[in-house]
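Chemist: Let me give you the structure first, and then I'll get to my questions.
Just so it is clear, none of the values below were taken in a lab; they were calculated from the coordinates. Please read all numbers here as calculations on a predicted model, not as lab measurements. Cβ coordinates were reconstructed from backbone atoms using ideal geometry, including for glycine residues, and neighbour counts include every protein chain displayed.
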Amino acid sequence: MTPRERVLSMLNGAAVDRVPLMPITMMFAAAQIDVPYRAYATNHRVLAEAQLCTAERFGFDYVSVISDPAREAADLGALVEYFDDQPPALNESNALLADKAALLQLRVPDIEAGSGRRADRVAGVSLLRQKAGEQLAVEGWVEGPCAQGADLRGINTLMLDFHDDKAFVRDLFEFIVELELAFAQAQVDAGADLIGVGDAAASLVGPRIYEEQVWPYEAVLVKGIHAMGAKVRLHICGRTRKILGPMGHTGADQIDLDSPAPLDEARARMGPTQVLYGNIDPVSVLRNGTPEQVTAAIAECHRQGGERYIAGAGCEVCRDTPEANLRALCRYAHHATH
């Protein structure tokens, strides 16, 4: 079974030969080829080289174009700050939608080859597909409604909007779903097997707001990506324990769980067929622990996750994670059957 077959079989509910291995690496991947993170996040050729190098070195089953949350917002005209060796960041004090009326003027921009940050990500998908062939699964990436809303409006302001102006939030999220579906389609057309939906800001709202104002748009986004023929990975890092139930009903093929979200509770609330991923603490265990502690932690995650489980950390593998620790995680997956 090839790594790509392994991932897609798991997400299709079919049998696999061993546990799939899909750790999120961004700054760690850049470090593998000794490049500043700015180059990784702004040049798809650098990103592809780093992802392929990391996948080969550690035996990952996939490669991904995940890099930072500012691509869509940048193409809409948001102010983005770039740093030599840190991820790009939105300038929240000058948010694009500081004035809510500006939403009326926004349009989904075309993704033109060679122009803009979304086009660079699409080119990354295409290059990874070309280089990986049919061996590795290729993952595209888009922002979820809550995360993108925070990028455009400012996270603190959006949190107030949930209470003060639900109609605006509805209009904003409808625009974001349109934006992200167009971005996802371009990546699927370029060869992505699955699309990651990053919606970290959703972990900051309570269960009522999540179910009433965020979940419906995540579900529409997932359904739209499925209609393109791709699988969906929902990644909401942070404290998601109170929203595990609805997360499991978005329709996403794979649900990522960060370390604060109990994996056994997720299994109980989402049922036996939902594919779960995670949820080793990427700092206290994967970065700061010993290989033996990592092995014990991933074995326990596998035990709780059961047959429909993919190995990885709760969130991104830290840049300075000891190689021996990551290899311990990988070694477990390489030899773990269900």
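Chemist: Around residue 196, which amide H atoms from residues at least 5 apart in sequence, or from another chain, sit under 5 Å from its own amide H, with H modelled in the peptide plane?
Modeler: 140, 141, 142, 233
Chemist: A further question on this structure: Based on the mean of other beta carbon atoms within 10 Å per residue, what is the order of 121-133, 189-201, most packed first?
Modeler: 189-201, 121-133
Chemist: When a footprinting reagent is the concern and you count Cβ atoms within 10 Å, what order do 249, 302 take, fewest first?
Modeler: Listed from fewest to most nearby Cβ atoms, that is 249, 302.
Chemist: Which ³J(HN,Hα) values in Hz, rounded to whole numbers, follow from the phi angles of segment 215-228 under the Karplus curve 6.51 cos²θ - 1.76 cosθ + 1.60, where θ = phi - 60° and Gly and Pro get x?
Modeler: For segment 215-228, the Karplus-derived couplings read 3, x, 7, 4, 5, 5, 4, 4, 4, x, 5, 4, 5, 7 Hz, x marking Gly and Pro.
Chemist: Would you compute, from DSSP H runs of 4+ residues alone, the mean residue ellipticity of the chain at 222 nm, taking -39500 (n - 2.57) per run and dividing by the full residue count, rounded to the nearest 500?
Modeler: -14000 deg cm²/dmol
Chemist: Of the cross-linked pairs 166/231; 100/231; 100/166, which ones have a Cα-Cα span greater than 24 Å in the structure shown?
Modeler: 166/231; 100/231
Chemist: How would you order 270-277, 80-87, 209-216, 254-261 from highest to lowest mean count of nearby Cβ atoms within 10 Å?
Modeler: Sorting 270-277, 80-87, 209-216, 254-261 by mean packing, highest first, produces 254-261, 209-216, 270-277, 80-87.
Chemist: I'd like the antiparallel share, as a percent to the nearest 5, of DSSP beta bridges with both residues in the chain.
Modeler: Just about 5 percent of them are antiparallel.
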